[in-house]
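The values are calculated or read from the model by the stated rules, or taken from the named source; none is laboratory data. The model shown is predicted, which means the values in this text are computed figures rather than measured ones. Cβ coordinates were reconstructed from backbone atoms using ideal geometry, including for glycine residues, and neighbour counts include every protein chain displayed.
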Amino acid sequence: MWFFMALKNTRAHLKHSLVTIILIMAATALLVFSSAFMDGSHNKMIQSAVEIYPGYLEITQRDFRENPSFDNLIFAADKVSAILAADPDIKVFSPRFESYVLFSAGEKSVGGMLTGIDPQKEKYISRLAGSRRAGRYLRPDDGNALYLGNELAGRLRVKIGDELAFIGTGADYSFCAATVIVTGIFQTGLFAFDASAAFLNRPYFDKIMAAANLATHFIVLPEKIEQVSRLGIVLQQQLGEGYQVLTWKETMSGLVEAMKVDSIFGYLTLAVIFIVILFVILIYTMLSVFARTREIGILRAVGTSPAQVLAMLLGENIILAFLGVLGGGLIGSLLAWYFHANPIVFSSFEEQFRQYGLTATSLPTAFAPLIILRDMAVMFVLCLFATLYPIRKINRLTPIKALRYV
């Protein structure tokens, strides 16, 4: 009975009902879209950082991360490759061999990281090929062709076609030196990486560095990125205790924590905005409820109890909050879905994006139905709390005071 009375009252006070619904719809749509945009931008930043070079899944010898020396290499890279090749949940995998050498060009000498890679597989597991700024990317038949970072090229003062030499220590601790030709320069936007990294085709690297069938680590790209944790557990069991399998959440724990902190500040900002919105709803509801004081006084005078008045007014606000949250959630989810499929493009901020390691100038929203439902539920509860005070306040008035209220 009280539900039908509440429904009748919402129709009787149509102007108030429509304004309240519109306010709640706007707040809900803003909350849903803001959450989707914040989560989507974080996912994009993490994806860009992971795919630039580190990879989603890394396999090393058990002690390599604590003591990254040539004594802790993967000494049977072919056996690891055979295990990885047999797993249907792996899309691409590639062994790498990282070594630190001294580069020299003319009078300039700079220390850096020289890595032997499979150029074809790296196109799938990293963005080295897509980050090319000048020249060309490595080819499978390349010999002494070098692909190096833009900042490192600047420090050595070399350009496409120039020669430079490097000296270092081979995998067998022998002295290694060679002359290479700069065929490509890349720029990922990560200054430290661009200022120290250079790459050679793996067969030539193995010959110079005595690294055949050896690897410092493997990078694995799963068929489904969301199953990377499960795949890591499976591979750890298959490879045994002699190896360590880590996901990107562990190898890039600093970035994960930074995104969590940024999310906290983002939600705090949203909280401040929505506190203001809720106060607007509260004030408007209070004015609307107090405008009906005489009506409530009459109800009390004819024997309606405070609990029944509370049920009627709360029922009205439940109906309005439900309609407002439903409409706002629908609008917000449609916006989140649209900009998930059609990311927001910031073409004029390309240089700023590259400084943060983002190779694309677009940010998609995250379309997650469970998160959308969570935001809608939070907004619904907050709207009910915003209406409890004026209802409780007016319900405390005696029938005589309510009838005399102006």
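Couple of notes before you dig in:
- Test result for Asn201, in contact (Cβ under 8 Å) with a residue 40 or more places away in the chain and either of a type in the set (D, E, K, R) or under 16 Å from Phe97 (Cα atoms) (or both): yes
- Test for Ala321: is it farther than 30 Å from Gly40 by Cβ, in contact with a Phe, Trp or Tyr (Cβ under 7 Å, 6 or more places away or on another chain), at pLDDT 65 or above and of a type in the set (Gly, Ala, Ser): no
- Gly55 vs. criteria in a loop (DSSP other than H, G, I, E, B) and crowded, with 21+ Cβ neighbours inside 10 Å: yes
- Scanning the stretch 239-255 for residues that are touching a residue at least 60 places away in the same chain (Cβ under 8 Å) and either surrounded by 14 or more Cβ atoms within 10 Å (Cβ to Cβ) or outside the structural domain of Phe64 (by TED's automatic domain parsing) (or both) gives Leu239, Tyr243, Gln244, Val245, Leu246, Thr247, Trp248, Thr251, Met252, Leu255.
- Residues satisfying the criterion are present in the stretch 257-269 (criterion: within 30 Å of Asn72 (Cα to Cα), at pLDDT 70 or above and within 43 Å of the chain's Cα centre (by Cα)).
- Residue that is modelled with the lowest pLDDT, among those in the stretch 324-357 that are assigned to a helix (DSSP H, G or I) and among the aliphatic types (A, V, I, L, M): Ala341
Yes/no matrix, rows are residues, columns are (1) surrounded by fewer than 18 Cβ atoms within 10 Å (Cβ to Cβ); (2) more than 15 Å from Asp118 (Cα to Cα); (3) outside the structural domain of Leu200 (by TED's automatic domain parsing); (4) of a type outside the set (Phe, Trp, Tyr):
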residue	(1), (2), (3), (4)
Ile59	no, yes, no, yes
Arg62	yes, yes, no, yes
Arg65	yes, yes, no, yes
Asp71	yes, yes, no, yes
Ala76	yes, yes, no, yes
Lys79	yes, yes, no, yes
Ala82	yes, yes, no, yes
Pro88	yes, yes, no, yes
Ser94	no, no, no, yes
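- Looking across Thr28, Thr20, one residue alone is closer than 27 Å to Ile264 by Cα, assigned to a helix (DSSP H, G or I) and touching a helix residue (DSSP H, G or I) at 6+ places or on another chain (Cβ under 6 Å). It is Thr28.
- Matching option when the condition is buried (at least 20 other Cβ atoms within 10 Å of the Cβ) and more than 19 Å from Ala105 (Cα to Cα), among Phe193, Phe166, Phe186: Phe193
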